[in-house]
Structure formats: C-alpha cells, structure tokens
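Take a look at the structure below.
The values are calculated or read from the model by the stated rules, or taken from the named source; none is laboratory data. Bear in mind that the values here come from a model prediction, so they are computed numbers and not experimental data. Note that we place each Cβ from the backbone using ideal geometry, even for glycine, and neighbour counts take in every protein chain shown. Note: accessible area is taken over every heavy atom of the protein model, side chains too, but ligands, DNA and RNA are not part of it. Shrake-Rupley method; radii C 1.70, N 1.55, O 1.52, S 1.80 Å.
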Amino acid sequence: MAAISNQILRKLAPSVGASETDLPIAEFSCDFESALNFRADVVCSSVTAFTGITVKLQHRAVEGAYANLSSANGSVAVTGNGTFSIVLHVQRAADQADLPLRKQCRLVVTTGAGDAVTFDNIIIQQR
C-alpha cells in the first residue's frame with residue numbers, strides 16, 4: 001500500500017453566487033486505491049447560506065455523462081465558514097454501491113437564492 005498524499009486541486013469556480021445548479025468547482029481523476037477510500041476537504045469562506053449550499057461528488061466513465069453518487073455520503077452541506085468533507089469508504093455498507101469511483105471525477109456546487117461561497121482550498125487524498 002502506498003503512502004497517502006494530499007493533492008490541492010485547481011478551483012474552476014473559486015467564488016460562487018446564488019442560484020447555481022451543479023456548477024463544477026474542481027475536476028480530477030482517481031487512481032484505484034483512492035477510488036475505494038476517498039476524502040475531499042473543501043475549505044470555505046465568505047459563506048452566506050440562506051436556502052442551502054451543497055457540494056457533491058460526481059463521477060463518469062470515460063466520455064460518459066457525469067452521475068451523482070447514490071450514497072448520502074457523496075455530498076456535504078456547507079453551512080458556514082470552515083472545512084467540509086466528503087468521505088467514502090469501501091468498508092462502509094452505505095458507500096459500497098458507489099465504489100470504486102470511476103476514473104473521471106468532479107466536485108460540483110448547488111446554491112439557492114441569496115447564497116454565496118468562496119472556495120479557498122479543495123484538497124483530495126490520493127495514495
């Protein structure tokens with residue numbers, strides 16, 4: 001088993017305003033070990049959450065359409081400034097239907113009316 005390292009992702013949309021739906025904020029690929037045990041940390045600031053901000057993990061087969069994960073652990077609600085995490089483990093029964101993750105992945109954000117967020121860092125763990 002290889003060592004775990006953190007990868008800081010390039011932000012596609014560092015500042016996000018109101019009424020966005022599945023706006024891509026980062027794209028990346030997973031190696032096989034990371035596709036079985038996955039963690040993404042999103043560090044947020046300047047958060048205004050009136051109706052709800054959600055960050056979701058999506059994946060796709062090569063050249064296919066991106067799909068949401070079925071597990072409740074495939075998304076996280078951003079409720080204020082700070083770090084919010086999406087964590088998936090092959091050992092957790094609720095996550096097994098989504099794992100292994102497909103090679104191509106992305107994080108997307110959905111915001112409601114009056115919501116806003118700035119993504120300071122997006123970090124995933126890779127092996």
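Less than 12 Å from a label point 7 Å out along the Cα-to-Cβ axis of Lys103: which backbone N atoms in region 1-41 qualify, by residue? Inside the label zone: 29-32. By accessible area, using a 1.4 Å probe on protein heavy atoms only, the chain has 51% of its surface on carbon and sulfur.
What translational diffusion coefficient, in µm²/s and rounded to a whole number, does the Stokes-Einstein relation yield for region 63-120 at 25 °C and a viscosity of 0.890 mPa s, taking the hydrodynamic radius as the Kirkwood radius over Cα pairs? Let's see the in-between values first.
Numbers: Rh = 13.5 Å.
Result for D is 182 µm²/s.
Mind grabbing the base-10 log of I(q)/I(0) for region 21-127 at q = 0.12, 0.13, 0.14, 0.15 Å⁻¹? Debye formula, identical points on the C-alpha positions, no solvent, two decimal places. With one equal scatterer per Cα and no solvent, log10 I(q)/I(0) is -0.38, -0.45, -0.52, -0.59. If you keep only loop residues by DSSP, which GluC sites (Glu not before Pro) in region 13-89 have at most 11 other Cβ atoms within 10 Å of their Cβ? Listed in order of number, the matching sites are Glu63.
When the dipole is taken about the Cα centre of the chain, and only Lys, Arg (+1) and Asp, Glu (-1) are charged at their Cβ, what size is it in debye, to the nearest 20?
On the way: 10 positive and 11 negative charges, 38 e Å.
The calculation lands at about 180 debye.
Whole-Hz Karplus values for region 111-124 come out as 10, x, 4, x, 8, 7, 7, 10, 9, 7, 8, 10, 10, 10 Hz, taken residue by residue from phi with 6.51 cos²θ - 1.76 cosθ + 1.60 and θ = phi - 60°; glycine and proline positions read x.
Per residue, the chain exposes 49 Å² of accessible surface when a 1.4 Å probe is rolled over the protein heavy atoms with every protein chain present. Accessible surface of Thr118, taken over heavy atoms with a 1.4 Å probe and every protein chain present, rounds to 30 Å².
For the pair Asn81 and Arg60, what calculated FRET efficiency results from E = 1/(1 + (r/R0)^6), where r is the Cβ-Cβ distance and R0 = 41 Å, to the nearest 0.05?
Approximately 0.85, to the nearest 0.05.
Positive-end ranking of Ala18, Leu101, Thr111 along the dipole of the chain, with charges on Cβ about the Cα centre, is headed by Leu101. Taking a Cβ cut-off of under 13 Å around Arg92, the surrounding Lys, Arg, Asp and Glu residues balance to a net charge of -1, with basic ones at +1 and acidic ones at -1.
Go ahead and estimate [θ] at 222 nm for the chain from helices alone: -39,500 (n - 2.57) per DSSP H run with n ≥ 4, summed, over the residue count, rounded to 500.
Details: 1 runs with 5 residues, N = 127.
Mean residue ellipticity, 222 nm, calculated: -1000 deg cm²/dmol.
Given +1 at the Cβ of Lys and Arg, -1 at the Cβ of Asp and Glu and no other charges, the dipole of region 72-127 around its Cα centre is 300 debye to the nearest 20. Each part gets one Cα centre, and for region 13-30 versus region 63-127 those centres are 11 Å apart.
Sequence-ordered 3J(HN,Hα) estimates for region 30-36 from the Karplus curve with 6.51, -1.76 and 1.60 and θ = phi - 60° stand at 10, 7, 5, 5, 5, 6, 9 Hz, glycine and proline given as x.
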